[in-house]
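Worksheet: the structure to be examined is printed underneath.
The values are calculated or read from the model by the stated rules, or taken from the named source; none is laboratory data. Since the structure is predicted, the reported quantities are computational estimates derived from the model, not experimental observations. No Cβ is skipped: glycine too gets one built from the backbone with ideal geometry, and neighbour counts run over all protein chains shown. Note: accessible area is taken over every heavy atom of the protein model, side chains too, but ligands, DNA and RNA are not part of it. Shrake-Rupley method; radii C 1.70, N 1.55, O 1.52, S 1.80 Å.
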Amino acid sequence: MAINVTRRILVPAREDGLCETHSFHYASHDGLTLINRRSITGESDFSSGGIEERLSPDNGRTWGAWKSVYSKYLDTVGEDEIEYIGRADTWNPVHRHYVGCYFSRFFWGGHKAAYEKLWSSSEKVLFDHQYLITRREGEEEPFLQQLVKYEDGAEFDRNNPRNMDFLDRNRGFLNAPWVASNGDVLMPVGLPMSTACQMAGLDVSRVFPSCPDTMRGVLILRAVWNGERYDMHFSEPIVISDLKSSRGFDEPIVTELSSGRILLVARGSNVRFPAWNTRIEPGTPGFKWHAWSDDGGRTFTEAMPWHFDTGEVVYSSATISQFIRDFRTGRLYWVGNVTGPKVDGNFPRWPLHIAQVDDERGCLLRDTLTVIDTRRDDEPDKLQLSNFGLYQDRETGDFRVTLSKLGQFGQEQVFKSDCMEYLISID
């Protein structure tokens, strides 16, 4: 098997220094109508410059006009801000509708003040919630939006937005769903480590005493369609000590292997941050962590460093990753950063790789590991080849990756970046 990568600049770096990020997805479960979304920002973890979409009826050969959709993604309630991210564009072929994760982030006092407090003191000023959303083909808006509830708690009420019975209950991070072969929806839920330990009958002061309310453990949601809505069932919690990962589990992904095993992969971190009272020792390696379930997602193994079929571990910084299954061959692939043993928190964020996943056990196949892109000699060490979009072209069968190369011109203008596109063909 040969994996070939073609690289091109999709949108050159803007002169105003802002970051322009593009992603693509198809408008229906078949056909070639393609939606291009672009987000413009000059801030970390917040789309401050607007979000627009345009439509192509012919798989990207021609495009319609840009249309702002920013009002759907940001709300202001008094002094507070709420950011909404996500869409229902994962096709469920068994139940014939789309599913997705709709993520809300509540910024107490607005996003600037909230982020400053979070990073300076780990103060609890961000409140994240996950919704499982369901949309019919041909309809733009979801017909069903369900708060992912693993504990008692209120629903959001605009007349009482700071209700802690909502804000501090059922907290969950943005994580992508995976449709299982029987039509059930699998989705990781990133919940506070304090809650995860309590649910598991563990003493959080022994497992994760440093910042248990802001760092995350994981539940796996199995959502079962009953004809009208999804019934929610949750796995036992998956936790990790802050001596192994100082930020717990972030941005977990889940997939169902052909063997029936359910595989979880999550980013860890070895960052040592005084404001969070981190306990991790200097020199602790940085990995992608994994756990699996052979009982349908009710229980999972203890989390361990992910590895290749050769036994080598997957050294990786604290960055996102994604699974994708080739609709032509059925093979499962993973895209993410494999960095080598020298990891410092979120860095390095290069190279970016693709590799095939062993569909029986869930390890990566070392011989298939292929560089999508890496740092050039004239580019800074803190170049970011990490936050990417991924889809499969329905005409060519190629995987397409888009990302903005944050930091390519240095940290003084970190958001000024080329938006790249990578075509990955697999023979």
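Just name the residue that is nearest to ARG272 (Cα to Cα) out of those in segment 122-149 that are in contact with a Lys or Arg (Cβ under 9 Å, 6 or more places away or on another chain), part of a loop (DSSP other than H, G, I, E, B) and open to solvent by less than 60 Å² (accessible area, probe 1.4 Å).
For segment 122-149, the residue satisfying everything is VAL125.
Does segment 369-399 hold any residues that are touching a His at 6+ places or on another chain (Cβ under 9 Å), closer than 16 Å to SER23 by Cα and hydroxyl-bearing (Ser, Thr, Tyr), and which are they?
TYR391
Restricting attention to segment 180-210, which residues are closer than 26 Å to TRP91 by Cα and open to solvent by 30 Å² or more (accessible area, probe 1.4 Å)?
Within segment 180-210, SER181, ASN182 qualify.
Kindly check whether there is at least one residue in segment 157-168 that is open to solvent by less than 20 Å² (accessible area, probe 1.4 Å) and not small (Gly, Ala, Ser).
yes
Step by step: first the residues of segment 227-249, then only those that are open to solvent by 10 Å² or more (accessible area, probe 1.4 Å) and of a type in the set (Asp, Glu), then the one that is farthest from PRO192 (Cα to Cα). Which residue is that?
Among those that are open to solvent by 10 Å² or more (accessible area, probe 1.4 Å) and of a type in the set (Asp, Glu), it is GLU228.
Starting from segment 152-172, keep only residues that are charged (D, E, K, R), then list their pairs with residues that are assigned to a loop (DSSP other than H, G, I, E, B) and surrounded by 14 or more Cβ atoms within 10 Å (Cβ to Cβ) whose Cβ atoms are within a distance under 6 Å, requiring at least 6 positions of separation or different chains.
Partner pairs satisfying both residue conditions: ASP165/GLY153; ASP165/ALA154; ARG169/GLY153.
Where the second residue is surrounded by fewer than 17 Cβ atoms within 10 Å (Cβ to Cβ) and the first is among the small types (Gly, Ala, Ser) and lies in segment 192-206, which pairs have Cβ atoms under 6 Å and are six or more apart or on separate chains?
From residues that are among the small types (Gly, Ala, Ser), the pairs are SER194/ASP213.
Do we have any residue at all in segment 222-235 that's within 27 Å of LYS117 (Cβ to Cβ) and either touching a residue at least 12 places away in the same chain (Cβ under 8 Å) or part of a strand (DSSP E or B) (or both)?
No, every residue in segment 222-235 fails to be within 27 Å of LYS117 (Cβ to Cβ) and either touching a residue at least 12 places away in the same chain (Cβ under 8 Å) or part of a strand (DSSP E or B) (or both).
So LEU352 clears everything in (1) surrounded by fewer than 22 Cβ atoms within 10 Å (Cβ to Cβ); (2) touching a Ser or Thr at 6+ places or on another chain (Cβ under 8 Å) except one condition, right? Which one?
(1)
Which one of these does GLY172 not meet: (1) assigned to a loop (DSSP other than H, G, I, E, B); (2) over 16 Å from the mean Cα position of the chain (by Cα)?
Condition not satisfied by GLY172: (2).
Enumerate the pairs (first residue in segment 37-53 and at positive phi; second residue anywhere and of a type in the set (S, T, N, Q)) with beta-carbon separation below 8 Å, excluding pairs fewer than 6 apart on the same chain, so at least 6 apart or on different chains.
GLY50/SER39; GLY50/SER68
When you check ARG279 against the structure, is it under 21 Å from LEU243 (Cα atoms), part of a loop (DSSP other than H, G, I, E, B) and among the charged types (D, E, K, R), yes or no?
yes
May I ask you to list the residues in segment 7-41 that are surrounded by fewer than 16 Cβ atoms within 10 Å (Cβ to Cβ) and assigned to a loop (DSSP other than H, G, I, E, B)?
Listed by number, the residues that qualify are PRO12, GLU15, ASP16, GLY17, SER28, HIS29, ASP30, GLY31, THR33.
Would you check which residues across segment 385-417 are in contact (Cβ under 8 Å) with a residue 40 or more places away in the chain, in a loop (DSSP other than H, G, I, E, B) and surrounded by fewer than 20 Cβ atoms within 10 Å (Cβ to Cβ) and list them?
Scanning segment 385-417 gives ASN387, ASP393, ARG394, GLU395, GLY397, PHE409.
Consider segment 356-375. How many of its residues are free of Cβ contacts under 8 Å to residues at least 40 places away in the same chain, open to solvent by less than 50 Å² (accessible area, probe 1.4 Å) and either of a type in the set (Phe, Trp, Tyr) or under 20 Å from ASP427 (Cα atoms) (or both)? Break it down stepwise before answering.
Just the residues of segment 356-375 that are free of Cβ contacts under 8 Å to residues at least 40 places away in the same chain, to begin with: 367, 374-375.
Cutting the leftovers down to open to solvent by less than 50 Å² (accessible area, probe 1.4 Å) gives us 374.
Next cut, either of a type in the set (Phe, Trp, Tyr) or under 20 Å from ASP427 (Cα atoms) (or both) only: none.
So the answer is 0.
Can you pull out every residue in segment 42-54 that is exposed (fewer than 14 other Cβ atoms within 10 Å of the Cβ) and among the acidic types (Asp, Glu)?
Answer for segment 42-54, where residues must be exposed (fewer than 14 other Cβ atoms within 10 Å of the Cβ) and among the acidic types (Asp, Glu): just ASP45.
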